[in-house]
1. Run the numbers for CYS511 and ASP18: contour at 0.36 nm per residue of separation, minus the present Cα-Cα distance, in nm.
2. In region 15-338, what percentage of the DSSP-assigned beta bridges are antiparallel, given to the nearest 5?
3. Only four residue types carry charge here, +1 at the Cβ of Lys and Arg and -1 at the Cβ of Asp and Glu. Report the dipole size of region 435-592 about the Cα centre in Debye, rounded to the nearest 20.
4. With a cut-off of 8 Å between alpha carbons and a minimum separation of six or more residues, what is the relative contact order of region 435-592 in percent?
5. Between VAL565 and ASP390, how many nm apart are label points set 7 Å from Cα along the C-beta direction?
6. Provide, as a two-decimal number, the C-alpha radius of gyration of region 435-592 over 2.2 N^0.38 Å, N being how many residues it has.
7. May I ask you to order 569-578, 632-641 by the average number of other C-beta atoms within 10 Å around their residues, highest value first?
8. For the chain, what relative contact order do you get, as a whole percent, if you take Cα pairs closer than 8 Å and at least 6 residues apart?
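What follows draws every value from the coordinates through simple rules; no lab data is involved. Small disclaimer: the values here were computed from a predicted structure and weren't measured. Don't worry about glycine lacking a Cβ; one is built from the backbone with ideal geometry, like all the others, and counts go over all protein chains shown.
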Amino acid sequence: MAATTAGIEGGARSVSFDERSFFLDGRRVLILSGSVHYPRCGDPSGWPELFERMRRNGLNCLETYVFWGEHDFDPSEPYDFTGSRDLFGFLRMAGENDLYVILRIGPYICAEANYGGFPAYLRDVPDISFRTFNEPFMDEMSRWVLFLADRLKEEELMYPQGGPIILFQLENEYDMVSDRHGEEGKKYLEWVSGLQDAIDLGVPAIMCYGSTVGVLETINSFFAHELIDDHRIRHPDQPAFWTECWTGWYDVWGTPHHRRSPESLAYAVARFFASGGAGVNYYMYFGGTNFRRETSMYLQATSYDYDAPLDEFGRDTTKSMHLATLHRVLEEHWFPMFREGCNALTYELAPNVCSVEWGALTFLCNDSSEEYTLEKGRTLNPRSVQVVSDTSEVLFDSSLVDSANAQVQNLVPVELFSGEWQTAKDPVGARSEFEYDTLPEQLVLTHGRTDYCWYSVPFTAHFEFDVNKMCISFQGADFFYVYINGQLVGRSQVPLWEDRFRNRWTQDPECPGFEHRIECVVEFRAGDSMSMLDILSCSLGMVKGEWQLEESQGLEDEAKGLLSVPDIEFFGDGGRSGGKASLLGPWKASEALQHLPRKQDWSHLEGKEPSGPTWFSRKFLTPESSHPLVLNLQGMNKGIIFVNGHCLGRFWMVLGTRPPVAFLENSPITTDATGTFTQSNYYVPRWALLEGEKEDNDLIVLDETGGDVEQIGFLEVRYRS
C-alpha cells in the first residue's frame, strides 16, 4: 500500500507499507525512533550532540510534536521560528545526521504541554469549541495546518523531496475524548481526514489511540505486544508500529520522581519485535527541560527527564546503553524477519512462556512472574526475553544489564558565587486602578504573560470574642496565598491533584475539583474590624486535555484565578464559630510579577528573611569544566529562576507525598521514596551562561514567599561507568 506523492516533486522517493513493515523507495526498513521535543532542548547548540548520540545508540529516526503555542503566542505578531523554536532547522539537522523524522503536527499534541499545544489565545475566540465539529475551531486549525504544510514543502523537508519526514500525524489520542464529543466528534474526525488529504504531504498519515479514514493506526502503551493481536484484527493490512513506547513517566509537583527500569523497557521492546512489531518510537528518548512557563501543562515539573534513555542533560544512562545492545542485535538480524513470506513459528513452552522463531533468530519469551528453566538448563528470568542465534548463542538478554553499560551519576558541590545577595520586594495587593463588581478571570487579565495575579477587596467583621483562626473557601485554579492587612496568613494545601475531577481513569471520590479551603492563623480582638484581603493567584500551567476538567467542560472552559467569591469564616478557641466576613467590594485585580526588577529596585539583603513575593539576585562564575550544572534550591519555596535574563523554569520545593495517578496502577512505573522532593535540582544549561571562564553571570530567583538564599548552591553532574 503506497502513499501518494501527488503534489510533491521528486516522486522517485516514496514511503509505503504492507502488513509487515514500512518501505522506503521500495526497500523494507526497520524503524527505531526516539522522541525529542525541540522546545525542551533549550537551544539549537545542543541538537548535534543529541542526534549523534541517537545514531550511535542505534536509532535511525526522530519523532517530535509541533508545538503550535510556542510559535503563535500573540495573534498580532508573526509566527516565531527563532532559537529553540526553529522547527524547520531542527528537522533539517535531524536529516543531516541521518535520522528520518516522524512529525506529529497535532495541533492537539497532549505531550504535557501547556494547553495541549494550542495557543492560549484560542480560548477567547468567540463561540469556539475545541476538537469537535466547530467552525471557529476548524478555521483556526486549518489556518495553522495549511501554513505549516506549505512551509514544510517549501523547505523540502518531506521524504519524496529528499527530506527526512517519512510519516506525519494530525490530531492525537482522540479516543481519550471521543465520548465527550459524540457524533460531532465523528464529523470532526471526518473533517480531519479531508484536511489530511488537502495538505498532500506525500507520506503516510498515522494516528494513535483512535483513528480516522486513510490513516495508519499506531499503538501507545507500556507493553505493545499485549495489543498487537487486536491491532491485526482491526487493521490486517497495516504494520504494527509502536508510536509511544513509554520509557518512564513525567513528574508533577507533589509526587516522587517516576522511574522505569532498563530491564522492563528492554523486555517490552524485545517482546514487541518477537510478536511481529514493525518499528518502535521511544517516548521519550530525551525529555529535556521545561525552561519556559509556556511549555508545560498544569502541575508539570520543570524537569521533563521522564527517566528517558538520555537524561535531562542529554547524556547516556544505563538504560540507553542497555537498549543500544538490543538495537545492534535487531539491526544485524532484522532483514530476514521482515522478508516477504517470513512468518514466525511460535511454540508454547509453558503457560506464559514461549519460543518465537523468525528464521535464524529465536526469541525466548517469559511473560510470567516466575523463573523458567529450559531443558538444557538455561534460565529465563521473570518478564524477560532472550534473543538467541541459530547457533544457540544468547545475543541479548533483556533482564541482564552488562556491567560495562552501567552509568552512575554523581552530584558534586562547586563554589561559583561571587559578590553578595541582593533583594527586591514586590508589593502586596492589586495595583490596578480598575475596579470590578464581579471577579475577573485571571487569564483575561494576564493573557499568559505571567503566572501571577492579585485579587484585593476590603471586608468587615464583628466579633463577639477574640478569634485566632480564619477559613477561606472558594473555587479557583491553581495555587493561592492569602494575606490579611499585608501579612501572609495562609496558602493552598499541598500536594495538589493532577486529576482534580473524576474521569475514565480516576474515580477517587475525594477529587477536589476547583474547591479550595485554606485555614489561616489570624488574630482579631472582639469588636468591629475592617481589614484588607489580598489573594495572590499562581498559575501552574494550562491543562493538557479535556479530561483534566469537569466532564461537561471542554478546553475552551479552562480558567485560572478566583472562580467564585470567597466565603470567610472565623473561629475562636476550641473551634467556636466567630461569624463571617462581609466583603465590601468592588474588587481590584491586576497581573503581577511579570517583569524583572529594575536596577534601582535592588538593595543589599540584610537581617531577617523577607516574606511575601521577593526577588533575589547574585553573581556567579562560569564554571571551568564542561560537566552539566544544576542549581540546588534547598531552603527556598516556590517561584521562577532566571540566568542572564533567560527563564530556566518554575521551581517548587514541594515534597512528593501523593501516589502516582490511577492510570499507572499495575504499570511498570515505580517512584522514588515518598516524601522526597519532586525536584530539588534545576538545570543551568551552558547556552544560558556567558562565554569564557570566570565570567560573572546574573542569577535571579523569584520566590513567592521569600526564602533562605544562603542554602542555595551549585552542583556539577559527573558520570562514571
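1. Length gained, CYS511 through ASP18: 172.9 nm.
2. Once the DSSP bridges in region 15-338 are tallied, antiparallel ones form about 25 percent.
3. Charge dipole, region 435-592, about its Cα centre: 300 debye, nearest 20.
4. Over region 435-592, the number comes to 45 percent.
5. 8.3
6. My calculation over the Cα atoms of region 435-592 gives 1.10.
7. Highest-to-lowest ranking by the protection proxy: 632-641, 569-578.
8. 15
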